[in-house]
Amino acid sequence: MSSGSRASGPAMPPGQRARSDFPRFGLPKYAKRIPVDTVSRQLALGGDALAPATLEAAVLEQLPRVEQVADFHCVTTWSFLDAGWSGYRFGKLYRQLIEPRIGPGDPVRFIVFRCRDGYRTTLPLEDLMAEDVLIADRLGGKPLSVAHGAPLRVVAPAHYGYKSAKHLKAIEVWRAEPPRKTGLAYFIDHPRARADREERGRVLPGWLLRLLYRPTIPGGVRRFRAALKEAGTDDS
Ligand SMILES: Nc1nc2c(c(=O)[nH]1)N[C@H]1C(S)=C(S)[C@@H](COP(=O)(O)O)O[C@H]1N2
Ligand SMILES: [Mo]
């Protein structure tokens, strides 16, 4: 399905262009950081709202499995339409497995996702409670590939791809504002990054970042593909 002629579903967000493939992608420094362990499904819990703990893989299976088709929008302006995910709703996971561990106190405001390649990202809890936010373990009818974030990743379709953390390792639950990113990473990271509002970055306007980011796509795709090949994990 091409943009502009979609029979149904949400409109293409401003500045996005559909591409026919779904490339492995991210900030350049993560291209070669392919996690050693892309199998273990246990998740660490942390943050200032609960005691450190581990969610064992088996507890995920208590949650209802959901299938979902959604468009994926990278901040650099490429979109992959109609990605077919399978996994668990973050909202369900939070209510059933995390909330019971939280003691009395101020409301939880932020969730930090930490990844096995060192990546991390933060969103307001409220955004993550949306129906379409998943902890996914399948894409296109197959177990998630290493390229796309095995074994578990976040899928937050309303937000730019950089909020959809791959290779998930830990979920942190915060009442206070979590530690900020520093340097360029701080400016690249919009606190909400909603694609329909073109919240690409924190300071520069979306329309300008659109123009700056777009030329970086081919190099990024090549870099991430080459790194995967070099690691002998060409499973995209
Ligand atoms: N762990 C981790 N998650 C990540 C990234 C990353 O480098 N490492 N890159 C983000 C960015 S910028 C995008 S666009 C998507 C890309 O997902 P894909 O590789 O499945 O296309 O992953 C996001 N999540
Ligand atoms: Mo991205």
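The values are calculated or read from the model by the stated rules, or taken from the named source; none is laboratory data. Source: prediction; values computed, not measured. Positions of Cβ are backbone-derived with ideal geometry, glycine not excepted, and every protein chain shown enters the neighbour counts. Accessible surface areas use protein heavy atoms only, side chains included; no ligands, DNA or RNA. Shrake-Rupley method; radii C 1.70, N 1.55, O 1.52, S 1.80 Å.
The table below lists the values:
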item: ³J(HN,Hα), Karplus 6.51/-1.76/1.60, whole Hz, each residue of region 130-139, x for Gly, Pro; result: 4, 3, 8, 8, 10, 9, 9, 10, 9, 9
item: Magnitude of the charge dipole, the chain, Cβ model with Lys/Arg +1 and Asp/Glu -1, debye to 20; result: 740
item: The chain - percent of accessible surface contributed by carbon and sulfur, probe 1.4 Å; result: 55
item: Residue-averaged 222 nm ellipticity for the chain, from DSSP H runs of 4+ at -39500 (n - 2.57), nearest 500; result: -4000 deg cm²/dmol
item: Rounded, prolate or oblate (a/c below 1.5 giving rounded, otherwise prolate when a/b exceeds b/c) for the chain by Cα gyration tensor; result: rounded
item: Long-range amide H partners of residue 200 with built H, under 5 Å; result: 206
item: Cα-centre dipole for region 50-145 with unit charges at Cβ (Lys and Arg positive, Asp and Glu negative), debye to 20; result: 280
item: Under Karplus coefficients 6.51, -1.76 and 1.60, residue-wise ³J(HN,Hα) of region 156-162 in Hz, glycine/proline x; result: 10, x, 6, 10, 4, x, 5
item: For residue 83, distant residues with modelled amide H under 5 Å away; result: 70, 71, 72
item: Amide H partners (placed H, <5 Å) of residue 75, local residues excluded; result: 161, 162
item: Residue pairs, from the table 29/166; 29/181; 169/229; 32/229; 92/142, whose Cα atoms sit over 18 Å apart; result: 169/229; 92/142
item: Region 174-180 - phi-based ³J(HN,Hα) in whole Hz, Karplus 6.51/-1.76/1.60, Gly and Pro as x; result: 10, 8, 7, 6, x, x, 6
item: The chain: most fluctuating residue of 140, 118, 105 per GNM, C-alpha cutoff 10 Å; result: 105
item: Separation of the residue 21 and residue 233 label points, Cα + 7 Å toward Cβ, nm; result: 1.8
item: Per residue accessible area of the chain, 1.4 Å probe, in Å²; result: 48
